[in-house]
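**Q** Sharing a structure with you now.
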C-alpha cells in the first residue's frame, strides 16, 4: 500500500518532467543536470519551511478570514517558497555551460519546481492516502510546475540579457521570474484556503486556465527556441 502511494505521489512530477524534456527540441539538457535541479528543488523545501514559520510567527491578527487567507497565501506560502526555489535554481544552473538557449530556463525552472512539489507531495500523500494523491496530482503539483514554467521564461530572459551586457533588463527579468510565480502561487493558495467560502469552482477554473496558458507558453517557446540561442549558432 505504501509503495503504491509513493508511486502515485511521484508520478505527476515525473510525467511533467518528461513532457518538458520532450519539448526541448533543439538541444536536450543532460539528465544528470535535470536530476540535480530536481534535487535542489527538494532541498529548497527546507529553508522554505523555516521562512514560512517565521512569517507565520510575525503575522498580524486578522479579523477577516479572507485577509488571513490572503496573507497566508501570498506572504507565507508564495513568497517563501518561490524565493527559495529561485535561489536554488540560480545556484544550480546560472553558470552551467549547458544554459545556452532560452527554453533551457523553462526546463530548469520546472525541474526545480517539480523537485519541490515531489517532496511536498510525498509527505502529504503518505499521510492522506489515495484521495489526496489524486487531488494533488491534478492541482497542487501542476501548480508548482506552472510557477516553474513562468519562472523559467523570465529566468532564461535574464540570462540572455546578462550575456548581452543589458544588466538593467536582466535585473527586471529576474524580478519578474520571482514576481510572476508568486502571483500565480498566491492566487491559487488564496482560493484554496478560502474553499469553505464557496471559491472551489473559481479555484478549478483558475487551474484549468493555468493549464491552458502554461502549455501554450511551453509550446510557443519550444517552437521559437532555435532563434533564441545565447551564443552564435553554426550549422554542420
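Just so you know, all these numbers are worked out from the coordinates, no wet-lab data involved. What you see is a predicted model; the values in this text were computed from it and never measured. Cβ atoms come from the backbone with ideal geometry, glycine included; neighbour counts cover every protein chain shown.
**Q** Using only Cα atoms, what is the ratio of the radius of gyration of the chain to 2.2 N^0.38 Å? Can you show the working numbers first?
**A** Numbers: Rg = 17.9 Å, N = 236, 2.2 N^0.38 = 17.5 Å.
Cα Rg divided by the expected 2.2 N^0.38 Å: 1.02.
**Q** With a 10 Å Cβ neighbour count serving as the proxy for reagent exposure, in which order, fewest first, do 43, 20 appear?
**A** Numbers: 43 18, 20 25.
The order, fewest Cβ neighbours first, is 43, 20.
**Q** A further question on this structure: First obtain the Kirkwood hydrodynamic radius of segment 125-183 from its Cα pairs, then insert it into the Stokes-Einstein equation at 20 °C and 1.002 mPa s, and state the resulting D in µm² per second as a whole number.
**A** 167
**Q** Connecting C-alpha atoms closer than 10 Å in a GNM of the chain, tell me which of 184, 14, 201 has the biggest fluctuation.
**A** Ranking 184, 14, 201 by mean-square fluctuation puts 201 first.
**Q** May I pose another question? Grab the Cα-Cα distance for residue 183 and residue 27, subtract it from 0.36 nm times how many residues apart they are, and report the gain in nm with one decimal.
**A** Gain in length upon complete extension: 53.1 nm.
**Q** Take every Cα pair under 8 Å in the chain that's 6+ residues apart, average their separations, divide by the length, and report that relative contact order as a whole percent.
**A** Details: 323 pairs, mean separation 68.7, N = 236.
In percent, rounded to a whole number, it is 29.
**Q** Under a 10 Å cutoff between Cα atoms, tell me which one of 111, 157, 145 has the largest fluctuation in the Gaussian network model of the chain.
**A** 157
**Q** Can you sort 84, 147 so the residue with the fewest Cβ neighbours within 10 Å comes first?
**A** Ordered from fewest to most neighbouring Cβ atoms within 10 Å, 84, 147 come out as 84, 147.
**Q** I need 226, 31 ordered by Cβ neighbour count within 10 Å, fewest first.
**A** Sorted ascending by nearby Cβ count, the order is 31, 226.
**Q** For the chain, take the longest principal axis of its alpha carbons; what is the angle in degrees between that and the long axis of helix 2-23, to the nearest 10 within 0 to 90?
**A** For helix 2-23, the angle is close to 30 degrees.
**Q** Quickly estimate the mean residue ellipticity at 222 nm for the chain, helices only: each DSSP H run with n ≥ 4 gives -39500 (n - 2.57), and the total goes over all residues, rounded to 500.
**A** Estimated from H runs of four or more residues: -26000 deg cm²/dmol.
**Q** Now for a different question. In whole angstrom, note down how far apart the Cα centers of segment 5-39 and segment 161-181 are.
**A** About 25 Å separates the Cα centre of segment 5-39 from the one of segment 161-181.
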